[in-house]
1. Give the separation of the Cα centroids, the range 63-106 to the range 184-205, in Å.
2. About the Cα centre of the range 181-269, how large is the charge dipole given +1 on each Lys and Arg Cβ and -1 on each Asp and Glu Cβ? Please answer in debye to the nearest 20.
3. For the residue pair ARG242 and ARG46, what label-to-label distance in nm results when each label sits 7 Å from Cα along the Cα-to-beta-carbon direction?
4. Relative to the compact-globule scaling 2.2 N^0.38 Å, provide the ratio for the alpha-carbon radius of gyration of the chain.
5. Among LEU163, PRO90, LEU223, whose Cα lies farthest out toward the positive end of the dipole of the chain, if unit charges sit on the beta carbon of Lys, Arg (+1) and Asp, Glu (-1)?
6. At 222 nm, what helix-only mean residue ellipticity would the chain give, in deg cm²/dmol to the nearest 500, using -39500 (n - 2.57) for each DSSP H run of four or more?
7. In debye, nearest 20, what is the charge dipole magnitude of the range 30-82 about its Cα centre with +1 on Lys and Arg Cβ and -1 on Asp and Glu Cβ, if you could check?
8. Calculate, in whole percent, how much of the Cα-Cα pair population of the range 110-254 lies beyond 24 Å.
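The values are calculated or read from the model by the stated rules, or taken from the named source; none is laboratory data. Because the structure is a prediction, the values reported are computed rather than measured. Methodologically, a virtual Cβ is constructed for each residue, glycine included, from the backbone with ideal geometry; neighbour enumeration extends over all protein chains shown. SASA here: full protein model, heavy atoms, side chains in, ligands and nucleic acids out. Shrake-Rupley method; radii C 1.70, N 1.55, O 1.52, S 1.80 Å.
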Amino acid sequence: LQQPIAVFDSGLGGLSVVRALRDALPAEDLVYFGDTARVPYGIKSRRTVVRFAVEDARFLLQFDPKMIVAACNTASAVALDVLERELDVPIVGVVRPGARAAVAQADGRPIAVLGTEATISSNAYVHAIQALRPQAEVVGRACPLFVPLVEEGRAASDPIVRLAAADYLACLRDRVGVVVLGCTHYPLLREAIAEAVGSVAIIESGHETARVVRETLDAAGRLSAPARTGSMRFFASDNPARFRRIGARFLGCDLDDVQLVEFDHPIADIVADAPA
Ligand code: DGL
């Protein structure tokens, strides 16, 4: 039986990670849960994000995944240790892969990390980067307006996006060698961010995570047969119609079906009508 890779996020932003997984691992089945009823996580306390992340991951266990990917940077930053402890399934977050790529590309120059307030104040990226290179200089910048701007459909070329990017990021211009996009939504604003920070290497944590997932499954001999095409299933805890509409921009293609999950009576209902 084919075991899927399960992915969760605070909402629909993690579909940018699904897109990267799909590109890197087209043969794998993917199951995604977006906690659209409780998004955003990026302005919540550690305690709350940990609780939500554990519930999200537990929901996904019913699909018997070979691995769970915490696509949400905020959840990865504050809850990965708890998830690793609580779950009996390999779990990969987006922070360590992003940190690894940043260190590889920085060549001793300072590294900037952009993320939500919770991600930046957790210092998870700083710790992950300095675990690999203790002397590394790391600056964190929270860019809270970016998430709602992306969700509102604004493109990187939008004047309001460019203004916000300049306001948050002008202080980094010519001062860092690498910028890590440490949030699911920021790859969609990549051009505005690049324009604001000047000519530096830009790293997408989701992209690096797909690479790590591939390496990890390969090393364990658990990759699916390359000849097959993997399936995708989507679940959201609120407003599946909006998830489908806005999610297409993150995924780069249409989402056929999004199933609503209600946390009060979720697992039995979903299992009952899930295809075998
Ligand atoms: N998914 C979140 C992250 O990558 C961004 C949205 C939120 O704040 O929940 O940090």
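1. Result: 21 Å between the Cα centres.
2. That gives a dipole near 240 debye.
3. Label at ARG242, label at ARG46, 3.0 nm between them.
4. Details: Rg = 17.9 Å, N = 276, 2.2 N^0.38 = 18.6 Å.
Output field value: 0.96.
5. Checking the options against the dipole of the chain, the answer is LEU163.
6. It lands at -13500 deg cm²/dmol.
7. Values: 7 positive and 5 negative charges, 41 e Å.
Around 200 debye, computed over the range 30-82.
8. Roughly 42 percent, rounded to a whole number.
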